[in-house]
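The values are calculated or read from the model by the stated rules, or taken from the named source; none is laboratory data. Owing to the predicted nature of the structure, the values given are computational and were not obtained by experimental measurement. Glycine also receives a Cβ, built like all others from the backbone with ideal geometry; neighbour counts cover every protein chain displayed. Surface areas here come from the heavy atoms of the whole protein model, side chains and all, with no ligands, DNA or RNA. Shrake-Rupley method; radii C 1.70, N 1.55, O 1.52, S 1.80 Å.
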Amino acid sequence: MVSIDNGSIAATANDHAAAAAGGVTFPSMSHSNGVQPDSDGYRKRKMTSIPLEVGTRVNCRWRDGKYHPVKVIERRKLPADESNDYEYYVHYTEFNRRLDEWIKVDQLDLNSVETDVDEKVEDKVTSLKMTRHQKRKIDETHVEGHEELDAASLREHEEFTKVKNIATMELGRYEIETWYFSPFPPEYNDCTKLFFCEFCLNFMKRKEQLQRHMRKCDLKHPPGDEIYRNGTLSMFEVDGKKNKVYGQNLCYLAKLFLDHKTLYYDVDLFLFYVLCECDDRGCHMVGYFSKEKHSEESYNLACILTLPPYQRKGYGKFLIAFSYELSKKEGKVGTPERPLSDLGLLSYRGYWTRVLLDILKKHKGNISIKELSDMTAIRAEDILSTLQSLELIQYRKGQHVICADPKVLDRHLKAAGRGGLDVDVAKLIWTPYKEQG
């Protein structure tokens with residue numbers, strides 16, 4: 001991640017790694033530590049031939065200076081004046097797809113080339129999952145939304161989106177390395193970098209186009225109603241029906257950072273809640289969440305994203321809390337759209353845990369699941385599953401009983417960590433959506 005300010009570019013050490021990996025410190029691994037089955041039935045080594053074929057497995061030098069196992073996803077010929085004939089798009093088999101990238105052949109350890117991969121070995125390699133602690137450290141503000149894909153659809157999705165089409169984007173004073181493929185219109189197929197207007201989210205191929213646009217663009221904030229302001233923090237409600245182009249552009253942008261998000265071109269059915277940091281230059285987007293105007297399943301959040309430059313600052317937790325404050329105003333219980341990703345579940349479980357523990361610690365006497373749901377707008381099933389995961393609930397004589405020992409509550413609160421930024425409800429000026437006419 002690079003900060004661009006007043007025409008100068010200043011990059012902080014390891015910013016890209018922190019942004020792309022969501023703050024994870026990956027375990028050091030030299031190229032000798034990979035999965036190397038002895039049996040010829042698993043993999044067959046052969047003399048290295050250049051160019052490497054798609055599907056080849058080899059060890060690659062990553063930005064930490066160490067070698068990690070990768071799989072070649074795609075290759076392309078370099079211009080004639082380049083010293084190497086091909087460059088390769090590789091997937092680091094230990095890491096999330098967001099770290100896939102184009103690399104030159106001099107980054108590869110050609111002595112480690114392996115082909116004819118057996119599926120069992122692929123399962124072994126991909127089973128090198130991160131520990132629960134590492135998963136928790138991955139930016140808890142990042143929820144990969146709309147993940148309604150079954151196994152067959154997931155394979156088709158990964159084939160279609162296997163190569164990242166936009167490598168970087170510029171938004172305001174930040175140049176951000178993207179994580180995933182996003183289906184921009186065909187006329188942008190030849191672009192590897194896009195320039196976004198940070199206020200209307202129109203995107204352009206060249207810096208000069210953005211500069212001309214900024215001289216004409218009247219907006220200094222998202223095109224909606226400001227429903228919350230507390231200090232320098234503002235929230236805008238944008239109606240997808242009234243601001244269709246903005247809503248679609250926001251979806252294109254979000255898809256660059258959300259792997260399995262379904263891109264909804266019909267944004268009329270959604271409201272977008274855009275969180276901004278405000279200064280004398282305008283209101284700069286930090287992240288957003290969307291929700292359906294009418295949800296039969298009582299979903300109060302469809303998709304959520306905190307942009308990489310603003311992650312690890314508590315904004316994701318703020319967005320989750322804000323969605324529940326809206327549910328309280330509506331007089332409804334709410335829940336995020338299902339299914340949740342594993343990281344999404346961690347984020348929500350963290351929020352539910354902190355909210356419920358705070359109430360249980362302060363409450364005197366008995367309290368029921370229904371009462372907790374009425375107080376928090378959290379769905380009863382989510383409360384029950386959270387308390388069960390904390391082993392704070394028992395089933396006695398046909399009913400659930402909450403067991404809230406103060407010492408146990410303190411231990412769980414400490415483990416849950418800080419709660420992020422608080423929503424000051426007194427600063428929320430909002431009425432629930434009603435269809436006009």
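Summary table
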| item | result |
| --- | --- |
| Which listed residue is assigned to a helix (DSSP H, G or I) and either in contact with a helix residue (DSSP H, G or I) (Cβ under 8 Å, 6 or more places away or on another chain) or open to solvent by less than 10 Å² (accessible area, probe 1.4 Å) (or both), from 305, 271, 258, 253 | 253 |
| Extreme residue, farthest from residue 280 (Cα to Cα), among residues of the range 151-177 that are at pLDDT below 95 and among the hydroxyl-bearing types (Ser, Thr, Tyr) | 153 |
| Residue within the range 177-189 that is among the hydroxyl-bearing types (Ser, Thr, Tyr), open to solvent by 50 Å² or more (accessible area, probe 1.4 Å) and not assigned by the TED database to the domain that holds residue 98 present | no |
| Single condition residue 369 does not satisfy, out of (1) at pLDDT 90 or above; (2) under 27 Å from the mean Cα position of the chain (by Cα) | (2) |
| Residue within the range 275-287 that is free of Cβ contacts under 8 Å to residues at least 40 places away in the same chain, surrounded by fewer than 23 Cβ atoms within 10 Å (Cβ to Cβ) and in contact with a strand residue (DSSP E or B) (Cβ under 6 Å, 6 or more places away or on another chain) present | no |
| Any hit, the range 108-123, residues being buried (at least 18 other Cβ atoms within 10 Å of the Cβ) and modelled with pLDDT under 90 | yes |
| Index of the failed condition, residue 266 passing every other in (1) within 25 Å of residue 348 (Cα to Cα); (2) modelled with pLDDT under 95 | (1) |
| Positions within the range 63-93 being in contact with a helix residue (DSSP H, G or I) (Cβ under 8 Å, 6 or more places away or on another chain) and either of a type in the set (A, V, I, L, M) or within 26 Å of residue 258 (Cα to Cα) (or both), in sequence order | 63, 64, 68, 69, 87, 88, 91, 92, 93 |
| Odd one out for residue 332, checked against (1) in the same structural domain as residue 252 (by the TED database); (2) over 30 Å from residue 173 (Cβ atoms); (3) in contact (Cβ under 8 Å) with a residue 60 or more places away in the chain | (3) |
| Residue, most open to solvent (accessible area, probe 1.4 Å), within the range 196-218, restricted to residues that are closer than 25 Å to residue 273 by Cβ and touching a residue at least 24 places away in the same chain (Cβ under 8 Å) | 202 |
| The range 384-400 residues that are of a type in the set (S, T, N, Q), paired with ones that are open to solvent by 80 Å² or more (accessible area, probe 1.4 Å) (beta carbon under 6 Å, 6 or more apart) | none |
| Residue in the range 314-354 that is nearest to residue 414 (Cα to Cα), counting only those that are modelled with pLDDT under 95 and assigned to a loop (DSSP other than H, G, I, E, B) | 314 |
| Inter-residue pairs, beta-carbon under 6 Å, first more than 13 Å from residue 389 (Cα to Cα) and of a type in the set (Val, Ile, Thr) and in the range 340-358, second assigned to a helix (DSSP H, G or I) and modelled with pLDDT of 95 or more, 6+ apart | 355/376 |
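Rundown of residues vs (1) more than 23 Å from the chain's Cα centre (by Cα); (2) modelled with pLDDT under 95; (3) farther than 19 Å from residue 292 by Cβ, yes/no style:
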site	(1), (2), (3)
223	yes, no, yes
228	yes, no, yes
236	no, no, no
239	no, no, no
245	no, no, yes
257	no, yes, yes
262	no, yes, no
270	no, no, no
276	no, no, yes
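A quick yes/no check of all residues on (1) open to solvent by 40 Å² or more (accessible area, probe 1.4 Å); (2) at pLDDT 90 or above; (3) closer than 21 Å to residue 314 by Cβ:
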residue	(1), (2), (3)
356	no, yes, yes
364	yes, no, no
373	no, yes, no
377	no, yes, yes
390	no, yes, no
396	yes, no, no
415	yes, no, yes
427	yes, yes, yes
437	yes, no, no
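Let's see how each residue does on (1) modelled with pLDDT of 65 or more; (2) among the basic types (Lys, Arg); (3) open to solvent by 40 Å² or more (accessible area, probe 1.4 Å):
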site: 31; (1), (2), (3): no, no, yes
site: 47; (1), (2), (3): no, no, yes
site: 88; (1), (2), (3): yes, no, no
site: 92; (1), (2), (3): yes, no, no
site: 101; (1), (2), (3): yes, no, yes
